[in-house]
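The values are calculated or read from the model by the stated rules, or taken from the named source; none is laboratory data. Predicted model only: the values in this text are computed from it and were never measured. Please note: Cβ atoms are built from the backbone with ideal geometry, for glycine as well, and neighbour counts cover all protein chains shown. For the accessible areas, the whole protein counts, side chains as well, though only heavy atoms, and no ligand, DNA or RNA atoms are used. Shrake-Rupley method; radii C 1.70, N 1.55, O 1.52, S 1.80 Å.
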Amino acid sequence: MNRRTFSRAVLALLYAAAGVLHLALPAPFLGIVPPWVPFPALVVALTGLAEIAGAAGLLQPLSPALRRAAGWGLAAYALCVWPANVQHMLIDMAKPGHGLGLGYHIPRLALQPVLIWWPLWAASVTDWPWRRRPA
């Protein structure tokens, strides 16, 4: 199994599990939706469905184009949920014990670009940073 195939499997497992959690146990996710997001319960449910659809798209073996579309979708998803991760940090920092603390939130926010890039690479949308330059 090559690196991309392995990455697609890992991402699909993670996103499918997260999607199921969004649908089965929405309360923790509802608690970190920024206040400016309309219809938070619907948004949490739709994000769960998007995660499951992205996972299925990454795993399907028949269409490279569909895998690339799933990669783009999961990258866009990771970008769109970034504000919820910031909101989660703000909520935690306002608590007396600081909730999960900066030791959790700063790496989580700093790694968000990796979560944007990873499905793009796994789905063969990009080869960066492993693309070889012509000699």
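Would you calculate, for the chain, the mean residue ellipticity at 222 nm contributed by helices, counting each DSSP H stretch of 4 or more residues as -39,500 (n - 2.57) and dividing by all residues, to the nearest 500?
-23000 deg cm²/dmol
Calculate, for the range 67-135, the solvent-accessible area per residue in square angstrom, rolling a 1.4 angstrom probe over the heavy atoms of the protein chains. Please report the intermediate quantities before stating the final value.
Values: 4320 Å² over 69 residues.
Heavy-atom SASA per residue in the range 67-135 reads 63 Å².
Apply the Karplus parameterisation 6.51 cos²θ - 1.76 cosθ + 1.60, with θ equal to phi minus 60°, to every residue of the range 32-45 and state each ³J(HN,Hα) to the nearest whole Hz, in sequence, with x for glycine and proline.
Karplus-based 3J(HN,Hα) across the range 32-45 equals 10, 5, x, x, 7, 7, x, 6, x, 5, 5, 5, 4, 4 Hz.
Just want the answer: with Cβ charges of +1 for Lys and Arg and -1 for Asp and Glu, which residue in Val10, Pro64, Ala76 is farthest toward the dipole's positive end in the chain?
Toward the positive end, the furthest listed residue is Pro64.
What is the pair-distance distribution P(r) of the range 70-135, computed from all Cα-Cα distances in 10 Å bins starting at 0, with each bin given as a whole percent?
Over the range 70-135, the share of Cα pairs per 10 Å bin runs 20, 37, 25, 14, 4, 1 percent.
Please give the charge dipole size of the range 51-135, origin at the Cα centre, charges +1 on K and R Cβ atoms and -1 on D and E Cβ atoms. Round to the nearest 20 debye. Before the final figure, lay out each step's value.
Working: 7 positive and 3 negative charges, 66 e Å.
Once rounded to the nearest 20, the dipole reads 320 debye.
Hey, any idea what % of the chain's accessible area is carbon plus sulfur with a 1.4 Å probe?
Numbers: 6180 of 8290 Å².
Looking at the chain in its full context, I get 74 percent from C and S.
Full-extension gain between Leu14 and Cys80, please, as 0.36 nm times their residue separation minus the C-alpha to C-alpha distance.
Working: separation 66, 0.36 × 66 = 23.76 nm, distance 1.73 nm.
Value of the extension gain: 22.0 nm.
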